[in-house]
Amino acid sequence: AELISSNKFDYILIEASGASEPMAIVQSIAMVVDMSEEYDLPAKCKLDNVVCVVDALRLAKEFGCGEGLVKDENEDKNIVNLIIQQIEFCDVLILNKVNEVGAVELDRVKRIIKNLQPKAKLIEVITIG
């Protein structure tokens, strides 16, 4: 509320840990937006979008190009559920390390991502160095 009231910022970016559930963060922001009238905050306070970064190499190696996310035979259900939530909940998905997987693997990764979240804008990023 103090940041918004200061009128010093056009945008506020919240970077959550890779182990964060997106719904809890969005609910917190929604609470601030709902309180904006009560605390006389500027009406411009809103959630613009949710961005998720997905490691293409990790998805390819650890989760069978993403196919391991949608199968019921996962050993670590918690991490799988978290990855699925993050993908399903985003508006923009940054697919990182696309140059570190083969073309066939990349196509499989993108197919699973689009299956989980067909509406998100997909941005592919290469690793340099």
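The values are calculated or read from the model by the stated rules, or taken from the named source; none is laboratory data. All of these numbers come straight from a predicted model, not from anything done at the bench. Note: ideal-geometry Cβ built from the backbone for every residue, glycine included; neighbour counts use all protein chains shown. Surface areas here come from the heavy atoms of the whole protein model, side chains and all, with no ligands, DNA or RNA. Shrake-Rupley method; radii C 1.70, N 1.55, O 1.52, S 1.80 Å.
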A chain fully extended from D10 to I128 at 0.36 nm per residue, minus the present Cα-Cα distance, gains in nm 39.4 nm
So Q27 and L3, fully extended at 0.36 nm per residue minus their Cα-Cα distance, gain in nm 6.8 nm
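Only sites in a loop by DSSP and with at most 12 other Cβ atoms within 10 Å count here; which trypsin sites (Lys or Arg not before Pro) in segment 75-129 make the cut? Walk me through the numbers on the way to the answer.
On the way: sites: K77, K97, R108, K110, R111, K114, K119, K121; in loops: K97, K119.
Filter output for segment 75-129: K119.
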The simple spin-label model distance between K121 and N78, using points 7 Å out along Cα→Cβ, in nm, is 3.4
SASA check, D48, accessible area w/ 1.4 Å probe, all protein chains in place, rounded to nearest 10 Å², comes out at 80
Heavy-atom accessible area of M31, protein chains in place, probe 1.4 angstrom, given in Å² to nearest 10, is 110
Taking only protein heavy atoms and a 1.4 Å probe, the highest-to-lowest accessible-area order of E2, E124, E62 is E2, E62, E124
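Of the listed pairs K46/K97; K61/K114; K8/K114; K46/K77; K46/K114; K77/K97, which have alpha-carbon separations greater than 29 Å here?
Working: K46/K97 31 Å; K61/K114 19 Å; K8/K114 37 Å; K46/K77 33 Å; K46/K114 26 Å; K77/K97 24 Å.
Going by Cα-Cα distance, K46/K97; K8/K114; K46/K77 fall outside the 29 Å limit.
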